[in-house]
Amino acid sequence: MKKLHLQTQLLHSDRLRGTEYAASHQPIHKSVQWGYARAQDIADTFQNKRSGFTYARGGNPTTAALEAQINALEDGIGTISFATGMSAISTVILALLKAGDHLVASQYLFGNTTSLFSTLAAHGISITYADVTDADKVKAAMQPNTRMVFLETIANPRTQVADLKGIGELCQHQGVLFVVDATMSTPALLRAKDYGASIVMNSLSKGLAGHGAALGGALTDTGLFDWSVYPNIFEGYRKGEAKNWGLLQLRKKGLRDIGGALSADSAQQIALGLETFFLRNERACQNAMTLANWLNAHPAVEKVDYPGLSEHPQHARASELFKGSYGTLLSFTVKDSVKHPFDVLDTLKIIMMSTHLGDNRTMALPVTQTIYAEMSAERRAEWGIADGLIRISVGIEQVDDLIDDLAQALA
Ligand SMILES: *Cc1c(COP(=O)(O)O)cnc(C)c1O
């Protein structure tokens, strides 16, 4: 059969992979343990000679069905799900780096990721932050002991777009793991594998699910990285084909030992959201473009950050990478002389004041005083985060209602 389009795969993958009674959805498997009739079978399962479930911390049929869907979206050789996106990020670092290793990270990272990385520094992993909009800056940050580059495709809140092509080529040339947090671009805008990503991280709590009713995260191995030359693979996992070593270590040392397992209930909720992901994303991206243009023309607005605007510093790159849409995140500042940003936010009626991203509902947030409140003023200034910055995660409402709401708040 001809390879199905991703939208079609998402809708039919459970049934076509085989569910009881040809049910359309993979059931929610609540068992913590699985019984075996033969000792040899349970032994072989533990020794990775046979596939199967043993204990739910390492996965269950419901999470496996979701993993297959994410894997198809990212065109990977395997995907592992986690309880949250942060759990996926901490696992990729803890399972694959060790004390003495060096990490080059984007200077424009999700706040909790930056906070996690500062914890890692205390565990002996040294980190250099670099401006990932320029591959040369990343190259300059590399050291002989650099093992990994970690970045986000579109940064939050100021929407800088990483030089994925340049950095992907650099990592490939240097034999360095390239870990891409693709949460903000989503597989609808871009496939990170096409730009050399070794591992793709997705928070499943955001646009992929859309409903904001479940947390989750995933790591996908794209199959591009040569694990046979990676020094941090434990001896016990250096068996069989080298292409599977990374996933094996991530599933055993990562998911199993660190223990951030996704629940079957959440896995099914996320899978339900995924069914409509492409449709919702298209609508939300259109709404975001309309709002960005509208805000940009508003006399009370100082500046709008959105990759779809021609004056955005990486607009040309975004057009090349994202195939016609520019994501669902934008931020803007209000002119000081006009209104305090808190007064604008307090006047919103439909747009929800909330910290989430990629939700079906549009959300607004004052950035400096919330998600960047733990960061020093100097660092915020370096990263271009103004005190009055308002972030908007654009949803799928009828856009006229959003414009009306912003119009009355800015009046
Ligand atoms: C939300 C988010 C995360 C963390 O995901 P959780 O599921 O909330 O733990 C990581 N990276 C980016 C870019 C995010 O937006």
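Structure above, values below:
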read-out: Residues satisfying the stated conditions in the range 22-56, i.e. out of contact with any Asp or Glu (no Cβ under 9 Å at 6 or more places or on another chain), of a type in the set (Ser, Thr, Tyr) and under 20 Å from residue 66 (Cβ atoms); value: 31, 51, 54, 55
read-out: Condition broken by residue 310, with the remaining ones in (1) assigned by TED's automatic domain parsing to the domain that holds residue 87; (2) free of Cβ contacts under 8 Å to residues at least 24 places away in the same chain satisfied; value: (1)
read-out: Residues within the range 214-229 that are over 15 Å from residue 72 (Cα atoms) and either outside any loop (DSSP other than H, G, I, E, B) or without any contact (Cβ under 8 Å) to a residue 60 or more places away in the chain (or both), tallied; value: 8
read-out: Condition check for residue 360: within 16 Å of the ligand (Cβ to nearest atom), in contact (Cβ under 8 Å) with a residue 12 or more places away in the chain and not hydroxyl-bearing (Ser, Thr, Tyr); value: yes
read-out: Subset tally (residues that are loosely packed, with under 14 Cβ neighbours inside 10 Å, among the hydrophobic types (A, V, I, L, M, F, W, C) and at pLDDT 95 or above) for the range 15-65; value: 4
read-out: Flag for residue 198 being under 19 Å from residue 97 (Cα atoms) and either buried (at least 21 other Cβ atoms within 10 Å of the Cβ) or within 11 Å of the ligand (Cβ to nearest atom) (or both); value: yes
read-out: Leading residue by the ranking (nearest to the ligand (Cβ to nearest atom)) among those in the range 220-244 that are of a type in the set (A, V, I, L, M, F, W, C), touching a Gly at 6+ places or on another chain (Cβ under 8 Å) and under 19 Å from residue 94 (Cα atoms); value: 225
read-out: Helices (runs of 4 or more DSSP H) contained entirely in the range 37-155, each with at least 3 residues that are within 16 Å of the ligand (Cβ to nearest atom) and in the same structural domain as residue 254 (by TED's automatic domain parsing); value: 61-74, 85-96, 111-121
read-out: Residue match in the range 178-185 (condition: modelled with pLDDT of 95 or more, of a type outside the set (A, V, I, L, M), away from the ligand (no atom under 14 Å from the Cβ) and not in a loop (DSSP other than H, G, I, E, B)); value: yes
read-out: Criterion (assigned to a helix (DSSP H, G or I) and either at pLDDT below 95 or in contact with a Cys (Cβ under 6 Å, 6 or more places away or on another chain) (or both)) met by exactly one of 236, 240; value: 236
read-out: From 211, 173, residue being in contact with a Leu (Cβ under 9 Å, 6 or more places away or on another chain) and surrounded by fewer than 19 Cβ atoms within 10 Å (Cβ to Cβ); value: 211
read-out: Condition check for residue 81: polar (S, T, N, Q), at pLDDT 95 or above and over 12 Å from residue 220 (Cβ atoms); value: no
read-out: Verdict on residue 215 being at negative phi and touching a Lys or Arg at 6+ places or on another chain (Cβ under 8 Å); value: no
read-out: Checking residue 376 against (1) modelled with pLDDT under 95; (2) within 16 Å of the ligand (Cβ to nearest atom); (3) among the hydroxyl-bearing types (Ser, Thr, Tyr), the condition it does not meet; value: (2)
read-out: Meets criteria (surrounded by fewer than 24 Cβ atoms within 10 Å (Cβ to Cβ), aromatic (Phe, Trp, Tyr) and either touching a Phe, Trp or Tyr at 6+ places or on another chain (Cβ under 8 Å) or on the phi > 0 side of the Ramachandran plot (or both)) for residue 237; value: yes
read-out: Selected residue (only one of 310, 325 is of a type in the set (Ser, Thr, Tyr), farther than 30 Å from residue 8 by Cβ and in a loop (DSSP other than H, G, I, E, B)); value: 310
read-out: Options 265, 305, 336, 343: the member that is among the charged types (D, E, K, R) and free of Cβ contacts under 8 Å to residues at least 12 places away in the same chain; value: 343
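The values are calculated or read from the model by the stated rules, or taken from the named source; none is laboratory data. Predicted model, so just to flag it, every value in this text is computed and none were measured. Ideal geometry is used to build each Cβ from the backbone, glycine not excepted, and the neighbour counts take in all protein chains shown.
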